[in-house]
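**Q** Have a look at the structure that comes next, please.
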Amino acid sequence: MSTPIRITVITILLSILVMASSGTAQPNASKLETDSIQSMNLIVIMTDEHNFRTLGCYRKTMEGRQAYMWGPDVVETPHIDSLAEQGALCTSFYATTPVCSPSRACLISGLYPQKTPVTNNNIPLNDNVVSFAEILAKHGYATGFAGKWHLDGAAKPGWAPQRKFGFADNRYMFNRGHWKKLELAGETARVASRKKGQPTYGVDGATQESFTTDFLMDRLIDFVNQNKSRPFCYMVSLPDPHGPDTVREPYASMYQNHKYLKPTTFDKSEEGLPTWGKKQKSGFGMASYYGMVKCIDDNIGRLLNKLKQAGILANTVIVFTADHGDLRGEHHRQNKGVPYEGSTRVPFLIRFPGKITPGTQIDQALGSIDFVPTILPMLDITTDQPFDGRDATRLFQSQPAEDWKDISIVRGTGKEWGWLMAVTDRYKMVVSPSDPPWLFDLQRDPDEVANVFTHPGYREIARELGTALRQYGEKHQDPFTQSPKVRADLTWIMRGSGEYPGR
């Protein structure tokens, strides 16, 4: 053996011995490589009662008055829009039940409301429900939650509930309320606006430190700073832009001089409307609502800057969504709880560096119930936990999806009887124990004023959606499909012929 070859062999042997003695041998390197695959951080930002048309990225996907429902004066949301530009936007994402508690339970668990069993507001989550945070904690993630929880029963505010459901740091979690001013109080927080010792929704004197949106985002940023050296998962639940429609300055004055128009459906006829679509007392003033949205957007910008400064923006997944919408005068209604788009359809944006191509748009119908079974595999997290929702990873990663069934199921509130909805990117059918079925063609009728259920050209569409509802009810034991009226309607939709009997 020549001298150069002997030196090379000796050098290699010495290198191996040094690596072994210092704990950096190849097996450990493989472990570090595996750990790095699962080291993406996760931040989930949820707003409350948020109409998707207030976001510029959604207006870009619509035309005319659908984009500018309250007129040409709008709120600009560049920071939220950047999440769509750098990630994915879902154009047809629905709250599985469009009220606070059930929607939140679905989002964190991937289970239908009758399973959690949060079928209406103020019902406590079952102890055996497993959240995405609990699963991530078992894989080494630091976890936390700040803001409105609404899954611990009647407590109000109800700071730092005893049951954490995997959110280990829940010091700044409160159960109920739309408080406008918060302050630190020892190891937790409290409502800063008070009258006779009791918390109120007062906003007077709110600052960039005390206004609730700012305060909660500060808690998220604090958590990031404390845990940026390890994988973390944090959910911040902002109680705006839910009523009361108040916000701190300068946002309170920012949109007061705008001119607002009536929504296109504000003055529609009430004749023939279903029970769930009847008109209610409603307004359409948007100044304070826009102000709340602008404050949220500015805080998203602040968060993005902090993540960039910390050097972890490229290593952090950001999800932006809402628990349900707000009609804001559409159909002469306010708030939520009904099948109309402004109530059930919500924003869903996700920025996932390295896995989602920037500018991705997903048009297939998805629901809050699909979040957990999708985000876990995208994070390379495996679990045996059963989910009712679907894994939509291939949609977000532009993989073949020819066999994907473009139908999402949405239900009303309550345990026994209520309305049910099957929706695709284009069609929506609603069955109810009190009314004939309604079928909307959202492409031809985005205002949702024409019921085409009895039109012969839509017979097969109705059959497909009715079959999906019947299959859902059987698989997930939803009593809504067992009311005599709904059961009879679904039977006719699936098998009947001729003219609808109108039972």
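The values are calculated or read from the model by the stated rules, or taken from the named source; none is laboratory data. Here the structure is a predicted model, which means the values were calculated and not measured. Note that we place each Cβ from the backbone using ideal geometry, even for glycine, and neighbour counts take in every protein chain shown.
**Q** Would you confirm whether or not region 218-239 contains a residue that is in a loop (DSSP other than H, G, I, E, B) and closer than 28 Å to G337 by Cβ? Lay out the reasoning, then the answer.
**A** Filtering region 218-239 for residues in a loop (DSSP other than H, G, I, E, B) gives 228-231, 238-239.
Now narrow it down to the ones that are closer than 28 Å to G337 by Cβ: 238-239.
For region 218-239, residues in a loop (DSSP other than H, G, I, E, B) and closer than 28 Å to G337 by Cβ: present.
**Q** Can you tell me which residue within region 257-280, out of those that are part of a loop (DSSP other than H, G, I, E, B) and polar (S, T, N, Q), is surrounded by the most Cβ atoms within 10 Å (Cβ to Cβ)?
**A** Initial filter on region 257-280 (part of a loop (DSSP other than H, G, I, E, B)): 257-274, 278-280.
Now drop any that are not polar (S, T, N, Q), which leaves 257, 264-265, 269, 280.
Working: N257: 8, T264: 17, T265: 21, S269: 8, Q280: 11.
So, considering only residues that are part of a loop (DSSP other than H, G, I, E, B) and polar (S, T, N, Q), the one surrounded by the most Cβ atoms within 10 Å (Cβ to Cβ) is T265.
**Q** Quick check on this structure: which one of K156, K138, K228 is in the same structural domain as F320 (by TED's automatic domain parsing) and free of Cβ contacts under 8 Å to residues at least 12 places away in the same chain?
**A** Details: K156 fails: free of Cβ contacts under 8 Å to residues at least 12 places away in the same chain; K228 fails: free of Cβ contacts under 8 Å to residues at least 12 places away in the same chain.
One residue alone meets the criteria, K138.
**Q** How about region 469-481: which of its residues are in contact (Cβ under 8 Å) with a residue 12 or more places away in the chain, more than 19 Å from N451 (Cα to Cα) and either hydrophobic (A, V, I, L, M, F, W, C) or loosely packed, with under 15 Cβ neighbours inside 10 Å (or both)?
**A** Selection gives Q477, F480.
**Q** Let me ask something else about it. Take the residues of region 235-256 that are β-branched (V, I, T) and surrounded by 21 or more Cβ atoms within 10 Å (Cβ to Cβ): which is farthest from D298 (Cα to Cα)?
**A** We begin by selecting, within region 235-256, every residue β-branched (V, I, T); these are 236, 246-247.
When the remaining residues are screened for being surrounded by 21 or more Cβ atoms within 10 Å (Cβ to Cβ), the result is 236, 247.
On the way: V236: 15, V247: 13 Å.
Going through the qualifying residues, I end up with V236.
**Q** Continuing with the same structure: In region 391-431, what residues are among the basic types (K, R), surrounded by 18 or more Cβ atoms within 10 Å (Cβ to Cβ) and farther than 23 Å from T454 by Cβ?
**A** Listed by number, the list holds a single entry, R411.
**Q** Does any residue of region 188-208 turn out to be under 29 Å from N315 (Cα atoms), assigned to a loop (DSSP other than H, G, I, E, B) and of a type in the set (D, E)? Lay out the reasoning, then the answer.
**A** We begin by selecting, within region 188-208, every residue under 29 Å from N315 (Cα atoms); these are 188, 208.
Adding the requirement that they be assigned to a loop (DSSP other than H, G, I, E, B) leaves 208.
Right, trim to of a type in the set (D, E) and you get none.
Scanning region 188-208, I find no residue that is under 29 Å from N315 (Cα atoms), assigned to a loop (DSSP other than H, G, I, E, B) and of a type in the set (D, E), so the answer is no.
**Q** Which of the residues spanning region 362-384 are touching a residue at least 12 places away in the same chain (Cβ under 8 Å), out of contact with any helix residue (DSSP H, G or I) (no Cβ under 8 Å at 6 or more places or on another chain) and in a loop (DSSP other than H, G, I, E, B)?
**A** Kept after step one, since they are touching a residue at least 12 places away in the same chain (Cβ under 8 Å), are these residues of region 362-384: 362-381, 383.
From what's left, out of contact with any helix residue (DSSP H, G or I) (no Cβ under 8 Å at 6 or more places or on another chain): 363, 365, 370, 373.
Within region 362-384, D363, A365 meet the criteria.
**Q** Residue check: is S434 among the polar types (S, T, N, Q), free of Cβ contacts under 8 Å to residues at least 24 places away in the same chain, surrounded by fewer than 18 Cβ atoms within 10 Å (Cβ to Cβ) and out of contact with any Asp or Glu (no Cβ under 9 Å at 6 or more places or on another chain)? Break it down stepwise before answering.
**A** On the way: among the polar types (S, T, N, Q): yes; free of Cβ contacts under 8 Å to residues at least 24 places away in the same chain: no; surrounded by fewer than 18 Cβ atoms within 10 Å (Cβ to Cβ): yes; out of contact with any Asp or Glu (no Cβ under 9 Å at 6 or more places or on another chain): yes.
Answer is no for this residue.
**Q** Additional query: Looking at (1) out of contact with any Gly (no Cβ under 7 Å at 6 or more places or on another chain); (2) surrounded by fewer than 18 Cβ atoms within 10 Å (Cβ to Cβ), which is the only condition I221 fails?
**A** (2)
**Q** Yes or no: region 469-483 includes at least one residue that is more than 23 Å from I369 (Cβ to Cβ) and outside the structural domain of T264 (by TED's automatic domain parsing).
**A** To start, the set of residues in region 469-483 that are more than 23 Å from I369 (Cβ to Cβ) comprises none.
No, because not a single residue in region 469-483 is more than 23 Å from I369 (Cβ to Cβ) and outside the structural domain of T264 (by TED's automatic domain parsing).
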